[in-house]
Structures are given as C-alpha cells and as structure tokens.
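Everything on this sheet refers to the single structure shown next.
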Amino acid sequence: MGGSKVALRAEHADGTVREAGFRWPRAAERPASAAADLDLLARHVRRLRDGAPGGFAGVGVAMPATLDPAGVVTAWPNRRSWTGLDLGGALRRIAGTTEVVCADDGDVAALAEAHAADRPDLLYLGVGTGVGGGIVRGGRLLPGPSRGSCEIGHLIVDRSAARCDCGRRGCVQSVASGPAVLRRAARARGAEVTFAELARALADGAPWAVDAVREGCAALAAAAVGVSELLRPALVVVGGGFAGGLPGFTAMVAAEVTRLGRPGHPPPPVEPARLGGLSSLHGAILLAKGPPPEN
C-alpha cells in the first residue's frame, strides 16, 4: 500500500503470477474515508483471490503507515482518516481465514532488494509520495520487526528546510519526496509542474528541473552517508516510483555520496533498485511466505 496507489501481486505454486492495482480516490473526488478505502481494497483483493483455487496460503502487506504494537494506525499523513484504525483486524476481515503478515514498506523493500542483489548488508532508500527505507545487516532487518520500522525518511538533514508531514523541519522526506521536489520545481519554473513534465525537463537539462531534483538527491545522499558512518552497509540502493521514473536520479545521488566521502573512508556504491518501483510489493510476497527474521 502506498500513499497514492496500491499494487497487488499473487504468486501461485505452478509459477503463475497475476498483478493488479488501483489508485486511492483523491480528495476532490470524494472525502477521505478509511471505510471507503477498505471497501475498495477488499474488492480488488477479492478479484485477485477469485483466480486462486482454494484461496491464498498467505498474505503479506507492505504498509507506510505508523502502527502501534497492537496493529492500530497511529499516523499516516497521506490517509489521515486511517488514524485510529485497527489495521490488523481490518486486514483479517478482508483476507478471511488466511494469515496476514504486515510490516513497514521500506523495511520489506530493503529485504526484497537484499534478496534480489544477493547481499546480506545494504541500505535501501525508496522515493515516492514519501521517503521510506530500510537497513538489512547480516540478512536481518534493523532495528527488527518487534522494535519498529527503520524511518530513514525522518532523519533530519537540514534544520532550515520545509516542515515535514510529521511536523518537524528538515526531515529527508520534506526535501526529497516526490511532492517536495515537484513543489520546488514549480517555484523555480513559476508554474505548476507534473511528474511527466519534470521527467522531460530533467532529460533536456532544464536548470529549474535539474536544480530541484539535485537538491532532493543531496538530502538522500546526506542520509545515506550518515547511516554509512554508523553501519558500513556494503551497498546503497535507490528505488521507489518517483526515483525510478526520473532519468539520472540514482546517478545524482551516487555523485553526491562520493562528494561527501572523507579520506580513508570511501562511501559504499550506490545502485538503482533491481526491482524498480516494486521493491515493497516483492517484499510483501516475502512476508506472505514467512515473516522477516528478527534481529
């Protein structure tokens, strides 16, 4: 589940794979409602399940919202009506008797990318409607499923930056998320900017687009270097739909990471996500096959 859209994937024992997806209704289309969102989600899940004789053996959910230990949503800036929702109970009602395992989308994306890259240690940065991420060390998630999620997007990299959705100033997300970059590009251009327009202008080298994207990449690089000073990951992976759709995005992050390196301590290599913008989706499949290992 994302702040703007939801992707679904079913993998069957015979190797068959089916995928589906939808976008959440925008506020202009109808008022936000957790109940309406869940009804929409349930309809799409039922359609996918109808093609699975006997139903599903397991369901994994990659979730960007903040949950308490009981599975209740405590914060989700992109879907504020979900605050207070018993997500675990809601998902169980949708899945029926099938076991549901839910985890942070950035964490499971990191796990999926580590699996795809065959690396036991990496840092994942996912850039979309927000900025998520995860750390895998020795094949295990940090800090570990029972200790909460790895909130890379809320590392503070610039105390003078814009206010983040969380209420603080200077979080990576407030500088590097898709909406933040688009707002910065619009200010520089003097007119609203769509994602497609930004991608074309970036490919053409338009200064207003390059500068807007570079600032976001610099914030991501600062976070990556800070984490690297503490944990020494073997690899930094940049993913998410926003990052994956912009030409040269990962290369910009890599260049800034290299610039921030200090003598005698070379930074880790930076590579694009092997799973593109679907890292969290593949991570959800891993959850369905079995919960992530504890640290």
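The values are calculated or read from the model by the stated rules, or taken from the named source; none is laboratory data. Predicted model, so just to flag it, every value in this text is computed and none were measured. No Cβ is skipped: glycine too gets one built from the backbone with ideal geometry, and neighbour counts run over all protein chains shown. These accessible areas exclude ligands, DNA and RNA; they are computed on the full protein's heavy atoms, side chains included. Shrake-Rupley method; radii C 1.70, N 1.55, O 1.52, S 1.80 Å.
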*Could you list which residues have their amide H under 5 Å from that of GLU99, counting only those 5 or more apart in sequence or on another chain, with H placed in the peptide plane?*
VAL59
*asked:* As an exercise, find the ratio Rg/Rh for the chain from alpha-carbon atoms, using the Kirkwood inverse-distance average for Rh.
replied: 0.96
_Whole-angstrom Cα spans of segment 75-211 along principal axes, big to small_ = 52, 38, 30
_Counting only protein heavy atoms and a 1.4 Å probe, tell me what percentage of segment 1-80's accessible area is made up of carbon and sulfur._
51 percent
_Residue-normalised accessible area of the chain, expressed per residue, 1.4 Å probe, Å²_ = 48 Å²
*Where does the charge balance sit around VAL59 when Lys and Arg score +1, Asp and Glu -1, over other residues with C-beta under 10 Å from its C-beta?*
+1
*GNM, the chain, Cα, under 10 Å: largest mean-square fluctuation among VAL193, VAL181, VAL108?*
VAL193
*Can you pull the semi-axes for segment 173-212, root of five times each eigenvalue of the Cα gyration tensor, sorted largest first, whole Å?*
15, 10, 9
*Taking the Cα atoms only, what angle lies between the long axis of helix 105-117 and the longest principal axis of the chain, rounded to 10 degrees?*
80 degrees
*May I ask for the net charge around GLY139, where only other residues with Cβ less than 10 Å from the Cβ of GLY139 are counted and Lys, Arg are +1 while Asp, Glu are -1?*
+2
_³J(HN,Hα) computed for each position of segment 210-224 - Karplus, 6.51 cos²θ - 1.76 cosθ + 1.60, integer Hz, glycine/proline x_ = 4, 5, 5, 6, 4, 5, x, 5, 5, 5, 5, 5, 4, 5, 4
*Could you check which residue among ALA243, ALA223, ALA36 shows the biggest mean-square fluctuation in a GNM of the chain with a 10 Å Cα cutoff?*
ALA36
*asked:* Considering only protein heavy atoms and a probe of 1.4 Å, how much of the accessible area of segment 111-169 is carbon and sulfur, as a whole percent?
replied: 44 percent
*Hey, what's the Cα Rg ratio for segment 238-294 versus the globular rule of thumb, 2.2 N^0.38 Å?*
1.46
*asked:* With a 10 Å cut-off between alpha carbons and a GNM built on the chain, which of PRO69, PRO53, PRO233 moves the most?
replied: PRO53
*For segment 1-131, what does the alpha-carbon gyration tensor say about shape, rounded, prolate or oblate, given a ≥ b ≥ c as the root eigenvalues, a/c under 1.5 as rounded, and a/b over b/c as prolate?*
oblate
